[in-house]
Amino acid sequence: MNDQPLRLALIIASTRQGRFGAAIGRWAARVAGGRPEFTADVIDLAGLSLPADLSGSAAGARLAGRIGDSDAVLIVTCEYNHGYPASLKLAIDTVREEWAAKPVAFVSYGGVAGGLRAVEQLRQVLAELHAVTLRDTVSFHFPHDHVDPDGRVTDPAVAKAAESAAHTLFDRLTWWGTALRAARAAQPYALAG
């Protein structure tokens, strides 16, 4: 059994000016940092200067390498117009085969739905890439009311619920990350031609 910590790629999806994703990403990174099972690689899509087509680009190759090197992925996503951001779709489609047999979990945020409509769409996209999405999520509804710019949850009730949901999410991500890492090591996952 591999006793090394799981390598977690933590993706902050929003690239919009004035975005709130960085605060939610800081919260998720802080929670992940408190879990000894993980070492986190924070991938902020806003800092990658993604071209319109990443295929064949140096930025695309670096992103694919970081996802390929990971044992598990946590996507922090907002919900824009009942969907997820275009920057995330570009990143997902660029990476492609590196998603195969990797567990993917979500921390979402938004208005009344808390980003959950974006997560449901992402499940469909990632299933096509042979990723394993986790059922358990963390969702922040109206986060501007409960999370400060440093990613600290200011409402004690919201903080307690988010921490509880996060621990369940990371427990599941640990199980899937460990199981799929061992499975990939025993027999590489082959995508059909």
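The numbers here are math on the coordinates, done by the rules we state, and not lab data. Remember, it's a predicted structure, so these values are computed and weren't measured experimentally. Note: ideal-geometry Cβ built from the backbone for every residue, glycine included; neighbour counts use all protein chains shown.
Some points to look at:
- In the range 138-160, the residues that are in a helix (DSSP H, G or I) and among the aliphatic types (A, V, I, L, M): Ala157, Val158, Ala159
- Where Arg135 falls short, out of the listed (1) assigned to a strand (DSSP E or B); (2) among the basic types (Lys, Arg); (3) touching a Leu at 6+ places or on another chain (Cβ under 7 Å): (3)
- Taking the criterion of being small (Gly, Ala, Ser), closer than 20 Å to Ala131 by Cβ and touching a Pro at 6+ places or on another chain (Cβ under 7 Å), the only residue of the range 3-48 that qualifies is Ala13.
- Tallying residues that are farther than 17 Å from Asp148 by Cβ and not aliphatic (A, V, I, L, M) within the range 15-39 yields 10.
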